[in-house]
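Beneath this line is the structure, given in structure tokens, with notes to follow.
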Amino acid sequence: MKCPFCGHQEDKVIDSRTTAEGASIRRRRECLHCGKRFTTYEEVEGHSLMVIKKDGRREPFDRKKVLAGLVKACEKRPVSMDQLEALVDELERELSRQFEREVSTKEIGERVMRELHRLDPVAYVRFASVYREFKDVEQFMRELKEILALKGQ
């Protein structure tokens, strides 16, 4: 495994464990050259789910893209990487079970927003503002009012 910090190709595995769902193995590694630690995941390669983009293009589902969007939405929020990775793991499992070949970005986005709403309302609003492409402050305020109304229940 190539070190993401220095590019050296030799490391040692410090710890291995299966994820909570048993779908992958998480390995903590230490580079033998620079001594920095990093994490890798090993998982069974499943069938390739295609994502139908808003403009009709199709591309393979990329968990890294989903995770990157979540990380950005959760910046400076009390949400751990483990929570975000678990969210993406569960999303991938659900999509694989419910969709045989193709799924729309709308379906993925709605599921991500549902989970983010539960996990962290601020991160949810950040994600929703980009995903739903709020055109004005009124749209943004309506979303905030809905969250506040749900929180008051």
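The values are calculated or read from the model by the stated rules, or taken from the named source; none is laboratory data. The structure presented is a predicted model; accordingly, all values stated were derived computationally and were not measured. Here the Cβ positions follow ideal geometry from the backbone for every residue, glycine too, while neighbour counts run over all protein chains shown.
Any residue at all in the range 98-106 that is over 18 Å from L119 (Cβ atoms), in contact with a helix residue (DSSP H, G or I) (Cβ under 7 Å, 6 or more places away or on another chain) and assigned by TED's automatic domain parsing to the domain that holds E133? Yes. Restricting the range 48-65 to residues that are in contact (Cβ under 8 Å) with a residue 24 or more places away in the chain and either of a type outside the set (V, I, T) or closer than 16 Å to R118 by Cβ (or both) leaves a set whose member that is surrounded by the most Cβ atoms within 10 Å (Cβ to Cβ) is F61.
Among the residues of the range 5-49, those that are within 30 Å of G109 (Cβ to Cβ) and either modelled with pLDDT of 95 or more or among the β-branched types (V, I, T) (or both) comprise T18, T19, I25, F38, T39, T40, V44. Take the residues of the range 105-153 that are surrounded by 11 or more Cβ atoms within 10 Å (Cβ to Cβ) and of a type in the set (D, E): which is farthest from the chain's Cα centre (by Cα)? Among those that are surrounded by 11 or more Cβ atoms within 10 Å (Cβ to Cβ) and of a type in the set (D, E), it is E146. Among the residues making up the range 91-100, those that are part of a helix (DSSP H, G or I), out of contact with any strand residue (DSSP E or B) (no Cβ under 6 Å at 6 or more places or on another chain) and not acidic (D, E) are L91, R93, S96, R97, Q98. The set of residues from the range 32-56 being over 26 Å from E102 (Cα atoms) and touching a Lys or Arg at 6+ places or on another chain (Cβ under 8 Å) comprises L32, R37, F38, T39, T40.
Yes/no per residue for (1) within 25 Å of A23 (Cα to Cα); (2) in contact (Cβ under 8 Å) with a residue 60 or more places away in the chain; (3) part of a loop (DSSP other than H, G, I, E, B):
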| site | (1), (2), (3) |
| --- | --- |
| G69 | yes, yes, no |
| E75 | no, no, yes |
| V79 | yes, no, yes |
| A86 | yes, yes, no |
| D89 | yes, yes, no |
| V112 | yes, no, no |
| E115 | yes, no, no |
| R118 | yes, no, no |
| K135 | no, no, yes |
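C74 falls short on exactly one of the conditions (1) closer than 20 Å to R132 by Cβ; (2) loosely packed, with under 14 Cβ neighbours inside 10 Å, and that condition is (2). When residues of the range 10-23 are filtered for being closer than 24 Å to V66 by Cα and either exposed (fewer than 15 other Cβ atoms within 10 Å of the Cβ) or among the acidic types (D, E) (or both), how many remain? Looking only at that region, the number is 5.
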